[in-house]
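Bear in mind that the values in this text are calculations on the coordinates, not laboratory data. Computed from a predicted model, the values in this text were never measured in an experiment. When we count neighbours, we look across all protein chains shown, and the Cβ atoms used for this are built from the backbone with ideal geometry, even at glycine.
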Amino acid sequence: MGTALVYDDEMTKYKLLWVDPVCEPEVPERLQVSHQALVRSGLAGCCVPVPVREATDEEILLVHSEEYLEGVKKTPFMDLEDLMAFTQQYGDVYFHPNIYHCAKLAIGATLQLVDSVMTGKVRNGMALVRPPGHHSQTSQANGFCVFNNVAIAAQYAKKHHRAKRVLIVDWDIHHGQGIQYCFEDDPSVLYFSWHRYEHQSFWPNLRESDFDSVGSGKGAGFNINVPWNQVGMGNSDYLAVFFHVLLPVAYEFGPDLVLISAGFDSAIGDPEGLMCATPDIFAHLTHLLMNLAGGKVCAVLEGGYNLTSLAQSVCQTVQTLLGDPPPHPANLGGPCESALESVHSARSVHKKYWSCLQHAAAPFPEEPSTKTCRPAQQDGSQGPQSNGGGEAQKEAIVWPEPLQRDAPSVRTALVLPDAVACADGCERFSPAEGPDSMATAGLRKHFLKESEDGVNVKLLYNITALVGQMEKNEIRNGLALVPDVSMATTLLTSTSLSKRVLVVWVGDGLVPAQVLEDEKTLVVHISSTAPHEAQSKYYVPITLKQGCGDTVGLMQAALGLLLPLGYQYAPGLVLLVRLPGCRAREDLWLQLTGLLQGLAAGHTLVLVQENETASVGITASCLLGNAAPSLGSLAAPGPEDVESFERLRLRLQTDWPLLQTTAPDKR
Ligand SMILES: NCCCNCCCCCC(=O)CS
Ligand SMILES: [Zn+2]
């Protein structure tokens, strides 16, 4: 299934007609440079074009009042003086004779995207729209927004597509207060937003943008605010919030649709955000959401005012929606202290609503840390101090152009015993030439008992050849059915050319000593018992009391422990090993297979014992890029498991700072 791109240049045909410094950044070029970048990169050509349409009154009234709509309807006929007068009643926004038309197209584009995704015409997609929407409210325009595109889309999806649970992820750098107000008491819409806040000193300066606004009545717990109390937040800060706040709750919520208020003023270079996160981070944020809701993800443009990082970030997002492998995560440090305080605050205020957070540390009195995380400049110079919107220093902020993310010609190759049929869409791997006598001798000597027949030699040789082609980026990923997964893992880690190999060892069974001792491997072992006492920085045993059949425990361990470790380790190859007798449920196994593809530029090799042919088809379909089926809402993880995750996190977070969920001096 494809990726929709909804765009029409009609939405570029309004602009600011008078002097207003606050509104200056919201220019038509924002849409033009974004769309042109998609066209020039060839990404637009890979998408399914979906036409825009005007929203109907009825659709607008899903969120807005009649009197507000009647007022906006008059603006096309207003002269400059009346437009300015009409604008005066609202804040940080401007009107134009054509903005009503464009605002209806922005909603219509968003609804067209929702239709295309919810009816299965496409898997996911992006709507490139302006004016943005997330600040507008029932009866008022605000913050460049006229109608609330994403809020209307959520109501529309519930009404016309019987969506039961809608997740809205607002990664724009501003708080989408309009969306928060709309769903304040609605448990069917989980609204998540991070936003520059600086202890309420940043626009829109709302007390209710802080982390303790959790929703009200039946909606309590379904509003998650993560305030950024300093500028200069970077890739590690954003990922920490995804791993430790958003994703655990999103999986527990189990949405059947994900809407992204995709504002890119949270990217480096943006004059509003003053953050440091680079455009490639949006590839990872998008990827981490794509296994929710069966992959039904709609990204809708909100803000973004640095035309360079905006265009780059839009491309990173669309390229990931299309299924291209995310780039290697840039050298991730740990989240800064202020970010950790925000993570801790959000987790502790939500622990009573979400069982995955039940062991989040207790809230502590708020003395905000004064240590600045890092200057907002890449070059280490003291970043522009945010004196409440005063003039930021003028020197240019620069960042590296996002790396090329070319997808190998072969997506998924399978190494199977001849008797096992190949899954459709995949290629049965057979290297040009078989093992020469040297390779054969080597394999026999180290890995096979003399008695083994030639079949296994060929099989083992094939998987080393497959890994070789993956590491040369000729093949993206693969699956192998092998006689002995332990031996295969030992062989592959010893022959891999990658500097770092992440081994995800799932099931009850010892990890071969040779793999543990190999200094270029990180082994994360998920099982019912911690078999090895030898726990080192590079051997992480995650125990589940009920074993790998415990879907909730495994999922929460993957989100809060495995993924942070994997992203911090930044491997060149991922081996996902399913041990014999492993009882991980199929849909959980697919979530693991899907999520891990965000690492190592998608070079994932799944190793399964050859008698377990049942999971070949579905695992292959996931490796081919089909989204893993939704797990639905998750029950509570076992308290003893959550306890042991917390203990493990406390023990490892010094070595792996992306595991942290609380600021150092608050522990
Ligand atoms: N009044 C003090 C100036 C602060 N700037 C506020 C501008 C609104 C930004 C809205 C936006 O970017 C939507 S995504
Ligand atoms: Zn914004």
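Of the DSSP beta bridges with both residues in the chain, give the percent that are antiparallel, rounding to the nearest 5.
Around 5 percent antiparallel, to the nearest 5.
Among DSSP bridges having both ends in the range 476-660, what percentage is antiparallel? Round to the nearest 5.
So the antiparallel bridges amount to about 5 percent of the total.
For the range 3-394, build the charge dipole from Cβ charges (+1 Lys, Arg; -1 Asp, Glu) around the Cα centre, then report which of G263, M290, T370 sits farthest towards its positive end.
The listed residue farthest towards the positive side: M290.
Using the structure shown, select from K159/K352; K15/K104; K164/K296; K218/K351; K104/K158; K164/K218 the pairs with a Cα to Cα distance greater than 18 angstrom.
Over 18 Å apart, Cα to Cα: K159/K352; K104/K158.
Could you work out the local net charge near A163, counting Lys and Arg as +1, Asp and Glu as -1, over the other residues with Cβ closer than 14 Å to its Cβ?
That works out to +3.
Does anyone have the angle between helix 337-350 and the longest principal axis of the chain? Alpha-carbon axes, 0 to 90°, nearest 10?
Roughly 90 degrees between the two axes.
Once you sort the root eigenvalues of the Cα gyration tensor of the range 3-394 as a ≥ b ≥ c, which label holds: rounded (a/c under 1.5), prolate (a/b larger than b/c) or oblate (the other case)?
rounded
What FRET efficiency comes out for K545 versus K352 if R0 is 25 angstrom and r is the Cβ-Cβ distance? Round to the nearest 0.05.
0.60
Compute the Cα gyration tensor for the range 476-660, then decide on rounded, prolate or oblate, letting a ≥ b ≥ c be the square roots of its eigenvalues: rounded whenever a/c is under 1.5, prolate when a/b is larger than b/c in the other cases, and oblate in all that remain.
Rounded shape, in that the Cα axes give a/c under 1.5.
Could you order peptides 609-616, 137-144, 253-260 by the average number of other Cβ atoms within 10 Å of their residues, highest first?
Peptide ranking by packing, descending: 253-260, 137-144, 609-616.
Could you work out [θ]222 nm for the chain from helices alone, using -39500 (n - 2.57) per DSSP H run of at least four and dividing by all its residues? Round to the nearest 500 deg cm²/dmol.
Calculated at 222 nm, the ellipticity per residue is -9500 deg cm²/dmol.
If amide H atoms are built 1.01 Å from N in the plane of the peptide, which residues on other chains or at least 5 residues away come under 5 Å of the amide H of V503?
When sequence neighbours closer than 5 places are left aside, the close amide H contacts are L522, V523, V524, L575.
Determine the dipole magnitude for the range 476-660: charges of +1 sit on the beta-carbon of Lys and Arg, -1 on that of Asp and Glu, nothing else is charged, the reference point is the Cα centre, and the result goes in debye to the nearest 20.
Roughly 440 debye, rounded to the nearest 20.
Determine ³J(HN,Hα), in whole Hz, for all residues of the range 439-445 in sequence, where each value follows from phi through the Karplus function 6.51 cos²θ - 1.76 cosθ + 1.60 and θ = phi - 60°; x replaces Gly and Pro.
Once θ is set to phi - 60°, the couplings for the range 439-445 become 4, 4, 4, x, 4, 4, 5 Hz.
Kindly rank 40-51, 412-423 from highest to lowest mean number of other beta carbons found within 10 Å of each residue.
The packing order, highest mean first, is 412-423, 40-51.
Can you run phi through the Karplus equation (6.51, -1.76, 1.60; θ = phi - 60°) for the range 652-661 and list ³J(HN,Hα) in whole Hz, with x for Gly and Pro?
9, 5, 5, 6, 10, x, 6, 7, 5, 10
Averaging sequence separations of C-alpha pairs under 8 Å and six or more residues apart, then dividing by the length of the chain, give the relative contact order as a whole percent.
Computed over the chain, the figure is 13 percent.
Within 14 Å, Cβ to Cβ, of E66, how many net charges do the neighbouring residues add up to if Lys/Arg are +1 and Asp/Glu are -1?
-3
If you average the alpha carbon positions of the range 170-223 and of the range 626-667, how far apart do those two centres end up, in angstrom?
If you average the Cα positions of each part, the centres end up 24 Å apart.
Helix 307-321 versus the longest principal axis of the chain: what angle, 0 to 90°, nearest 10, using Cα atoms?
Rounded to the nearest ten degrees, it is 50.
Can you compute the charge dipole magnitude of the chain about its Cα centre, using +1 on each Lys and Arg Cβ and -1 on each Asp and Glu Cβ, nothing else charged? Give it in debye, rounded to the nearest 20.
Roughly 1280 debye, rounded to the nearest 20.
What is the distance in Å between the Cα centres of the range 569-589 and the range 272-335?
25 Å
Which whole-Hz couplings ³J(HN,Hα) result when phi for each residue of the range 129-142 is put into the Karplus expression 6.51 cos²θ - 1.76 cosθ + 1.60, θ = phi - 60°, listed in order with x for Gly and Pro?
10, 8, x, x, x, 5, 8, 6, 10, 3, 10, 7, 7, 6
What whole-number distance in Å separates the alpha-carbon centres of the range 464-524 and the range 1-53?
44 Å
Summing +1 for each Lys or Arg and -1 for each Asp or Glu, what net charge is found among the other residues whose Cβ lies under 13 Å from the Cβ of F95?
-3
Provide the percentage of antiparallel DSSP beta bridges, counting only those with both residues in the range 3-394; round to the nearest 5.
5 percent
Taking the Cα centre of the range 3-394 as origin, work out the dipole magnitude from +1 charges on Lys and Arg Cβ and -1 charges on Asp and Glu Cβ, in debye rounded to 20.
It comes to approximately 1220 debye.
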